[in-house]
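The values are calculated or read from the model by the stated rules, or taken from the named source; none is laboratory data. No experiment lies behind these values; they were computed from the predicted model shown. Methodologically, a virtual Cβ is constructed for each residue, glycine included, from the backbone with ideal geometry; neighbour enumeration extends over all protein chains shown.
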Amino acid sequence: MDLKNWILGFLKMKDYSSNDILEFKENNENEIIVKRKSKDQIVLILPDLVLEKISEKINEDLAIVTLNKTSNIDFVVKNWSLLIKNKELTIFFVNLNSSLDIKWAINPHTHDIICDTATLKQGLLAIAENVDLV
C-alpha cells in the first residue's frame, strides 16, 4: 500500500456513517479532489513537504499526507506561520510500516491556539513518537 491508497481508504472509512463523499477525482499523482455533498477538499500527497506545492493550495480546504520523518516535522516548524492561516488544514504524518500506530495528524491552526510556540518542535516530536519515523 502507498500513501495515496492509504488516504483513500482512510477517508472512505471516516465517511462510512455520514456518506458525504460523492467521488474522488485525481488531478495528478499527488493531488486528489474529494467531492463531497457539503464541500470539496483537496488532498496533497507529498512524501516530502514542498513549500511551492503547499503555498499554491494554502487557501483551500486542504489535507496533506506526508511521511513521518524529521525533515517533514522541521518543515512544519519552519513554515508554521503560513500553515496556521488555514483553519481547514490537516496534516497526516504516516509510516505504513510502523510497528506502532501508522499515522498522527495535526491541524496547525487549532494546535497554535493551545500550544506554546517556543516548544513547538519539541511538542511535535513528542506526538510523532507514537509512529515510527521513516
Looking at L96, L22, L44, which one is outside any strand (DSSP E or B), hydrophobic (A, V, I, L, M, F, W, C) and at pLDDT 95 or above? L96
Checked segment 50-92 for anything in a loop (DSSP other than H, G, I, E, B), in contact (Cβ under 8 Å) with a residue 60 or more places away in the chain and in contact with a Lys or Arg (Cβ under 9 Å, 6 or more places away or on another chain); matches are N68
Take the residues in segment 103-124 that are outside any loop (DSSP other than H, G, I, E, B) and surrounded by fewer than 15 Cβ atoms within 10 Å (Cβ to Cβ); name whichever of them is farthest from the chain's Cα centre (by Cα). A118
Among I32, I58, I73, which is among the hydrophobic types (A, V, I, L, M, F, W, C), within 16 Å of L3 (Cβ to Cβ) and under 15 Å from the mean Cα position of the chain (by Cα)? I32
Cβ-Cβ distance below 7 Å, separation of 6 or more or different chains: which pairs start in segment 1-17 with a residue that is surrounded by 11 or more Cβ atoms within 10 Å (Cβ to Cβ) and part of a loop (DSSP other than H, G, I, E, B) and end on one that is at pLDDT 95 or above and among the β-branched types (V, I, T)? D15/I21
